[in-house]
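Quick note: the coordinates plus some simple rules give every number you see, no bench work behind them. Computed from a prediction, not measured in an experiment: that's the story for all the values here.
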Amino acid sequence: MKKNKKEQEKKPFLKTKTKLDGGIEVELQKSPNNTLIGKIFAIAIAFITLFGGIFALIYLLTKL
């Protein structure tokens, strides 16, 4: 039988492990594109990349 998405167990985004020497290892469980905060950051970076240059150019041209 196939499990529905609701029945699937949710994995935490970050998983921490303690090494034998006392160090902490952090492992990503999911792709950032599959999380809400990852999608928000991707959209913000794309927006800043596309429109940041245009706004800076307009600002510099009006200062002349």
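Once phi is turned into θ = phi - 60°, what whole-Hz ³J(HN,Hα) does the Karplus curve with 6.51, -1.76 and 1.60 give for every residue of the range 34-47, x standing for Gly and Pro?
Along the range 34-47, the couplings run 8, 10, 5, 5, x, 5, 5, 5, 5, 5, 5, 5, 5, 5 Hz.
Let me check against my output: what whole-number percent is the relative contact order of the range 14-63, with C-alpha pairs under 8 Å and at least 6 apart? Before the final figure, lay out the partial values.
On the way: 24 pairs, mean separation 10.0, N = 50.
About 20 percent, as a whole number.
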